[in-house]
Amino acid sequence: MNTEHSTPPVVLVAGGGIGGLAAALALVRQGFRVTVLEQSPEIGEIGAGIQLGPNAFHAFDALGIGEKARGRAVYTDYMVMHDAINAYQVGKMPTGESFRQRFGNPYAVIHRADVHLSLLEGAQETGLVDFHTSTRVVGIEQDGDGVTVTAQDGRTFRGVALIGADGVKSVVRQQYVGDPARVTGHVVYRAVVEKQDFPQELQWNAASIWVGPNCHLVHYPLRGGEQYNVVVTFHSREQEEWGVREGSKEEVQSYFQDICPKARQLIDLPKSWKRWATADREPIGQWTYGRVTLLGDAAHPTTQYMAQGACMAMEDAVTLGEALRSCGNDWTQALDLYQRARVARTARIVLSSREMGRIYHAKGVERLVRNDLWRGRTPERFYDAMEWLYGWNVGNCLDAARR
């Protein structure tokens, strides 16, 4: 049989978000055709801004969409943390030329929808990614040759493997792991504000955070500086359930009575808010089961404090592709290699994010300690501390597994 013109084998991807589309691109680059199963009525993304470390840009390049994503990002001059009570500058890390030279790529901020659009355009341009919307996975069966997925309407889909990239409430994870979510009690409000409505004194070209007792506020520019992302987080007084709904201006304002006026004006800006009650899960050592594996938030849902959720999903996708390449598309070997390469790194993100949330929200003497942590630190020492995170690239993505 002449295989030159034979049909590429199909891989199923559950989820059409950032992780699912990144996985689709990585798989196409390894010679597969991809069927994306998305439970929503359309392929799209909700949310507001996200931050992109150099590792994200290394992933974009490896997935072939570097230029698309770069054209939609806003490149920051620095990251800065202030105490929200007295406006003291806790720490500042430049993200200009010296940062780019150190890590080989910039730090940037971008609208989540623009990351998703860049991935979607890349996937569509391949001609090898098929999308099925309004398709919720309800059953998964596998044998020695592949995986069969059943959707809620009875349709079945067959592929040589299944990538569960179906987010924080993953159906694929539920079938194979079945572990409970860890609801944090931390509530996140997100909004996008037009430049003309945003305080001029805060129009910094920076990823900026104001940290306070049991709360913090974040702001940074989006879309060429024409909009600003505003995010506020607080410890809820209520018993929270994991989910998203419309927010209330009155609720937000009730949690930020004691912060300085400069920071407090942020919560008066948005005309409407989306409210996220956050959760993560305990890190797990196994997320590959035969020809099924997890990716992104399905594998390692995390809180937002490290600003690495989307970055980790794209790293996962690139690493999966490299594992397949390294193993000659042998799925058993490749999925084992992928898992071993990713488990410790992503668990470190989950656990570090929890600890970072504690540092941000410190009060009493802990707050004083937090405010003294980075005093006098040079940019080079900041960069050294971030090497483990921002130094990731396609060339070293399998190193952890090979050790």
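The values are calculated or read from the model by the stated rules, or taken from the named source; none is laboratory data. Since this is a predicted model, take the numbers as computed values, not measurements. Virtual Cβ from ideal backbone geometry, glycine too; neighbours counted across all protein chains shown. Side chains are part of the model used for accessible areas, which takes the heavy atoms of the whole protein and leaves out ligands, DNA and RNA. Shrake-Rupley method; radii C 1.70, N 1.55, O 1.52, S 1.80 Å.
Please count, across the chain, the pairs of lysine residues with Cα atoms under 20 Å apart that sit 8 or more places apart or on different chains.
So the count works out to 11.
List the relative contact order of the chain as a percent without decimals, with contacts defined as Cα pairs under 8 Å and 6+ residues apart.
Numbers: 838 pairs, mean separation 87.1, N = 403.
Contact order relative to length: 22 percent.
Of the GluC sites (Glu not before Pro) in segment 195-291, which ones lie in a loop per DSSP and count no more than 10 other C-beta atoms within 10 Å? Please list the in-between numbers first.
Details: sites: 201, 226, 238, 240, 241, 246, 250, 251; in loops: 226, 238, 240, 241.
Qualifying residues, ordered by number: 238, 241.
Quick one: grab the alpha carbon gyration tensor of segment 351-401, order the square roots of its eigenvalues as a ≥ b ≥ c, and give me rounded if a/c is under 1.5, else prolate or oblate depending on whether a/b is larger than b/c. Please list the in-between numbers first.
On the way: a/c = 4.93, a/b = 1.83, b/c = 2.69.
In terms of gyration-tensor shape, oblate.
Where does the charge balance sit around residue 194 when Lys and Arg score +1, Asp and Glu -1, over other residues with C-beta under 14 Å from its C-beta? Spell out each step's value before the answer.
Working: positive: 195, 223, 271; negative: 197, 226.
Once all neighbours under 14 Å are counted, the net charge is +1.
Given just the C-alpha atoms of segment 1-144, how large is their convex hull per residue in cubic angstrom? Could you put the intermediate results ahead of the total?
Working: hull volume 25.6 nm³, N = 144.
Spelled out: Cα convex hull of segment 1-144, divided by residues, is 178 Å³.
With everything on Cα atoms, drop me the angle between helix 331-360 and the longest principal axis of the chain, reported from 0 to 90° to the nearest 10.
Helix 331-360 sits at roughly 10 degrees to that axis.
Please compute the net charge surrounding residue 236, taking Lys and Arg as +1 and Asp and Glu as -1 over other residues with Cβ under 11 Å from its Cβ. Mind showing how you got there, number by number?
Numbers: positive: 237, 275; negative: 238, 240, 241, 251.
Net of charged neighbours comes to -2.
Starting from segment 147-254, pick out the trypsin sites (Lys or Arg not before Pro) whose DSSP state is loop and whose Cβ has at most 16 other Cβ atoms within 10 Å. Could the numbers behind the result be given before it?
Numbers: sites: 155, 158, 169, 173, 182, 190, 195, 223, 237, 245, 249; in loops: 155, 169, 237.
Of the trypsin sites (Lys or Arg not before Pro), the ones in loops of segment 147-254 whose Cβ has at most 16 other Cβ atoms within 10 Å are 155, 169, 237.
Pairs of alpha-carbon atoms within less than 8 angstrom and 6+ residues apart define the contacts here; what relative contact order does segment 58-127 have, in percent? Numbers along the way, then the final one.
On the way: 64 pairs, mean separation 22.9, N = 70.
Computed value for segment 58-127: 33 percent relative contact order.
Out of the trypsin sites (Lys or Arg not before Pro) in segment 269-355, which ones are loop residues according to DSSP with at most 11 other C-beta atoms within 10 Å? Working shown, then result.
Details: sites: 271, 274, 275, 281, 291, 325, 340, 342, 345, 348, 354; in loops: 271, 281, 291.
Within segment 269-355, the qualifying trypsin sites (Lys or Arg not before Pro) (loop, at most 11 other Cβ atoms within 10 Å) are 271.
Counting Lys and Arg as +1 and Asp and Glu as -1, what is the net charge of the other residues whose Cβ lies under 13 Å from the Cβ of residue 390?
Its environment carries a net charge of 0.
Compare the Cα positions of 26, 208, 296 along the charge dipole of the chain (+1 at Cβ of Lys, Arg; -1 at Cβ of Asp, Glu; about the Cα centre) and return the one farthest towards the positive end.
208
Counting only helical runs of four or more DSSP H residues, what would the 222 nm mean residue ellipticity of the chain come to if each run contributes -39,500 (n - 2.57) and the total is spread over all its residues?
Working: 13 runs with 136 residues, N = 403.
Calculated mean residue ellipticity at 222 nm is -10000 deg cm²/dmol.
Any chance you could check the Cα centroid distance between segment 178-251 and segment 267-313 for me, in angstrom?
16 Å
Give me the tail of P(r) for segment 222-381 as a percent: Cα-Cα pairs with distance above 30 Å. Let's see the in-between values first.
Numbers: 4498 of 12720 pairs.
Result: 35 percent of Cα pairs exceed 30 Å.
Where nothing but the Cβ of Lys and Arg (+1) and of Asp and Glu (-1) is charged, how large is the charge dipole of segment 130-218 around its Cα centre, in debye to the nearest 20? Present the calculation step by step, with values, prior to reporting the outcome.
On the way: 8 positive and 10 negative charges, 39 e Å.
In debye, rounded to 20, segment 130-218 gives about 180.
Leaving out ligands, DNA and RNA, what percent of the accessible area of the chain is carbon and sulfur, probe 1.4 Å?
On the way: 7970 of 16810 Å².
So the carbon and sulfur contribution to the accessible surface is 47 percent.
Give me the 1.4 Å probe accessible area per residue for the chain, excluding ligands and nucleic acids, in Å². Each step should come with its number before you reach the end.
Details: 16810 Å² over 403 residues.
Ligands and nucleic acids excluded, the result is 42 Å² per residue.
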